[in-house]
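Asks: Would you mind keeping the following structure in view while I ask a few things?
The values are calculated or read from the model by the stated rules, or taken from the named source; none is laboratory data. Everything numeric in this text was worked out from a predicted model, so none of it was measured. Cβ sites come from the backbone with ideal geometry, for glycine too, and all protein chains shown count toward neighbours.
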Amino acid sequence: MSSELLILDEKPAARYLIAGWRRQWSDGGNISSGLPQYLIDRLGARKIGRLGSEIQKMCYPFQVAGTHDAFRPATAFQDGLPSVPMHWDNDFYAAGDGLIIFMGEEPWFELELYAEAFFAAIKELGVEQTVTVEGYNGPSPPDLERRVGCVYSRPEMKETLEKYGIQFSNYGSGARQGPTVGMALVSLAHYHHPELSVFRLGSMAPMYPFTTSGNQQVGIVTDYRSFFDIMRRLKVMFGLDLDLSDLETRGNAESARLQETLERIGSSNANAKEIIDRVRADYRYTPFENPVELNPQLDRTLEDILRNRPETSEEA
């Protein structure tokens with residue numbers, strides 16, 4: 001693979017990849033930008049590579065009118081002298097236990113070129129399954145498990161995925177809707193790289209259609225409960241040795257704070273209380289339960305015991 005598309009400094013043992021993007025559309029609850037970065041920091045993951053110079057040159061604008069520096073490449077100076085070249089961050093990290101983490105920036109142009117480099121990394125590293133993590137905002141009871149939606153690239157993946165408490169998306173089937181970057185990569189993998197297993201998990205972070213007295217929208221900006229609900233699925237699915245207690249604690253604390261805020265608003269505003277109550281009544285999600293799979297040998301042993309058990313006595 002040309003270094004203009006992909007640069008890998010090393011190729012550690014890899015089985016799974018978790019990918020997210022900064023400054024992207026589908027980043028409700030900071031799930032896409034925050035969850036991969038949390039894992040990188042928590043696991044002490046080391047950078048092993050990046051998408052190459054052609055991606056930086058072809059996939060991004062220098063600026064977008066009216067946005068100041070939000071979409072310009074990063075750079076730095078020291079005592080007036082350039083110390084860091086202009087760059088866009090699309091980096092791969094090794095976290096151990098066969099886990100690779102990708103932390104990128106959503107491309108503005110040439111998505112197919114970006115995908116070519118991204119899929120090349122998957123192939124060169126020998127990744128077996130890739131998940132893109134994203135989020136969207138919506139009214140949902142903060143004290144309940146988050147709703148996690150899924151799209152996937154290969155038909156045979158569905159039987160496994162449906163064991164993990166997710167809802168399969170019909171996004172775009174009723175009317176024209178543009179894909180998120182995670183959905184787009186799943187679609188490109190399905191049609192152009194059928195050998196790859198790529199899926200997207202999208203969680204809904206609580207956000208309500210009214211504001212506080214300080215004019216702040218009522219919701220959770222960084223939704224650690226979504227982080228937790230996504231990662232407990234991936235922990236079991238990928239067989240990862242991860243301690244998720246910190247995410248669970250943070251998620252429960254944030255959710256409790258939002259629940260208190262909703263109760264306070266509802267006690268003084270009848271219209272808001274009606275919305276809050278209706279959201280709770282209408283909320284639907286598929287709960288996550290750890291799948292229990294018997295060892296095949298144990299399963300056969302139990303079968304033999306049942307088959308060979310003595311007949312039940314029919315004496316009075």
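Asks: For region 170-217, name all the residues that are modelled with pLDDT of 95 or more, more than 28 Å from Leu144 (Cβ to Cβ) and of a type in the set (Gly, Ala, Ser).
Replies: Those that are modelled with pLDDT of 95 or more, more than 28 Å from Leu144 (Cβ to Cβ) and of a type in the set (Gly, Ala, Ser): Ala184, Ser187, Ala189, Ser197.
Asks: For Pro194, are the conditions met, namely being closer than 21 Å to Asp282 by Cβ, touching a residue at least 40 places away in the same chain (Cβ under 8 Å), surrounded by fewer than 22 Cβ atoms within 10 Å (Cβ to Cβ) and not small (Gly, Ala, Ser)? Please lay out each step first, then the result.
Replies: Numbers: closer than 21 Å to Asp282 by Cβ: no; touching a residue at least 40 places away in the same chain (Cβ under 8 Å): yes; surrounded by fewer than 22 Cβ atoms within 10 Å (Cβ to Cβ): yes; not small (Gly, Ala, Ser): yes.
Criteria not met by Pro194.
Asks: Given the criterion over 19 Å from Arg233 (Cβ atoms) and either crowded, with 21+ Cβ neighbours inside 10 Å or polar (S, T, N, Q) (or both), identify the matching residue among Ser53, Ser26, Ser32.
Replies: So the residue among Ser53, Ser26, Ser32 that is over 19 Å from Arg233 (Cβ atoms) and either crowded, with 21+ Cβ neighbours inside 10 Å or polar (S, T, N, Q) (or both) is Ser53.
Asks: Go through (1) surrounded by 17 or more Cβ atoms within 10 Å (Cβ to Cβ); (2) free of Cβ contacts under 8 Å to residues at least 60 places away in the same chain; (3) part of a loop (DSSP other than H, G, I, E, B) and name the single condition Gln63 misses.
Replies: Unmet condition: (1).
Asks: Could you grab me the full set of residues in region 163-188 that are in contact with a Phe, Trp or Tyr (Cβ under 9 Å, 6 or more places away or on another chain) and within 19 Å of Met231 (Cβ to Cβ)? Break it down into steps so the answer makes sense when it comes.
Replies: Of region 163-188, the ones in contact with a Phe, Trp or Tyr (Cβ under 9 Å, 6 or more places away or on another chain) are 164-168, 177-183, 185-186, 188.
Result: Tyr164, Gly165, Ile166, Gln167, Gly182.
Asks: Say whether the condition of being assigned to a strand (DSSP E or B), farther than 19 Å from Leu188 by Cα and free of Cβ contacts under 8 Å to residues at least 60 places away in the same chain is met by at least one residue in region 118-137.
Replies: Among the residues of region 118-137, not one is assigned to a strand (DSSP E or B), farther than 19 Å from Leu188 by Cα and free of Cβ contacts under 8 Å to residues at least 60 places away in the same chain, which makes the answer no.
Asks: Still on this model: I'd like to verify a number: residues in region 246-258 that are surrounded by fewer than 16 Cβ atoms within 10 Å (Cβ to Cβ) and either touching a residue at least 60 places away in the same chain (Cβ under 8 Å) or touching a Leu at 6+ places or on another chain (Cβ under 9 Å) (or both), how many?
Replies: Number satisfying all stated conditions: 2.
Asks: Hey, another quick one. Out of (1) small (Gly, Ala, Ser); (2) within 30 Å of Lys11 (Cα to Cα); (3) not in a strand (DSSP E or B), the odd one out for Gly178 is which?
Replies: Going through the list (1) small (Gly, Ala, Ser); (2) within 30 Å of Lys11 (Cα to Cα); (3) not in a strand (DSSP E or B), Gly178 breaks only (2).
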